[in-house]
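Just so it is clear, none of the values below were taken in a lab; they were calculated from the coordinates. All values reported here derive from a predicted model rather than from experimental measurement. Don't worry about glycine lacking a Cβ; one is built from the backbone with ideal geometry, like all the others, and counts go over all protein chains shown.
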């Protein structure tokens, strides 16, 4: 069977970040007068991990939709858990909301994430050779503004995303949705991504 479409992951595949999310979080907190200088990156990372685990369970329990998490208000409880894990309690809700708004701005609206040169060349080459192209990424925020700034959105036939457990990778939800949108059988789509995702995407028929 000939491949007719190529679906790409974004992070660590065709994009790169200029700094870690933890550094962005530190800088944003500093900008509102809350210094995390006494905490090591490892300790902040552990606080993020505690929050992420709670959030994954929360999203399933509350049966949120696949695009949940785009609003800063969605993150108040999860962010509060980060601070609580660092021993910072009784932080004002409005301050948490401001931190989240600034964090989203820095990660969505700036040059925090950029397209790699190899990624750009690959997208352009496949597009010029007639392949249908799509993006399937694990994130809570709509990646289309970033893809438009990167000047490749017009080459893409589908952009799907989710950061919600059960919908997000390695669940194949975003890939199957993309295949439906571009009207190409999933068996005729190639996915450029990490191995755990490929295990859910590829069907191995042991009889063949």
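Return the percentage of antiparallel bridges among DSSP beta bridges fully within the chain, rounded to the nearest 5 %.
20 percent
I want to verify the translational diffusion coefficient of the chain in µm²/s; compute it with Stokes-Einstein, Rh as the Kirkwood radius over Cα pairs, at 10 °C and 1.306 mPa s.
It diffuses with D of about 85 µm²/s by this estimate.
Between the range 57-79 and the range 90-104, what is the C-alpha centre distance in whole Å?
Using only Cα atoms, the two centres lie 15 Å from each other.
Say R0 is 25 Å: what FRET efficiency, to the nearest 0.05, do residue 30 and residue 192 get from their beta-carbon distance?
The computed FRET efficiency comes out at 0.10.
Could you check the spin-label model distance between residue 91 and residue 49? Points 7 Å from the Cα along Cα→Cβ, value in nm.
Placing both labels 7 Å along Cα→Cβ, they lie 1.9 nm apart.
Rounded to the nearest 0.05, what FRET efficiency do residue 42 and residue 12 give with R0 = 25 Å and r taken as the Cβ-Cβ distance? Could you check?
0.75
What percent does the relative contact order of the chain come to when contacts are Cα pairs within less than 8 Å and at least six residues apart?
Normalised by residue count, the contact order of the chain is 32 percent.
Would you mind ranking 161, 68, 75, 54 by Cβ crowding within 10 Å, fewest neighbours first?
54, 68, 75, 161
I want to make sure I understand the PRE zone here: with the label point 7 angstrom from the Cα of residue 20 toward its beta carbon, which residues in the range 43-63 have backbone N atoms less than 17 Å away?
43-52
Ignoring everything except DSSP H segments at least 4 long, calculate the 222 nm mean residue ellipticity for the chain; use -39,500 (n - 2.57) per segment, divide by total residues, nearest 500.
The helix-only estimate for the chain comes to -14000 deg cm²/dmol at 222 nm.
Of the residues 134, 69, 180, which exhibits the maximal mean-square fluctuation in a Gaussian network model of the chain defined by a 10 Å Cα contact cut-off?
Of 134, 69, 180, the Gaussian network model singles out 180 as fluctuating most.
Taking a quarter of the surface of the Cα convex hull of the range 19-108, what do you get in nm²?
5.8 nm²
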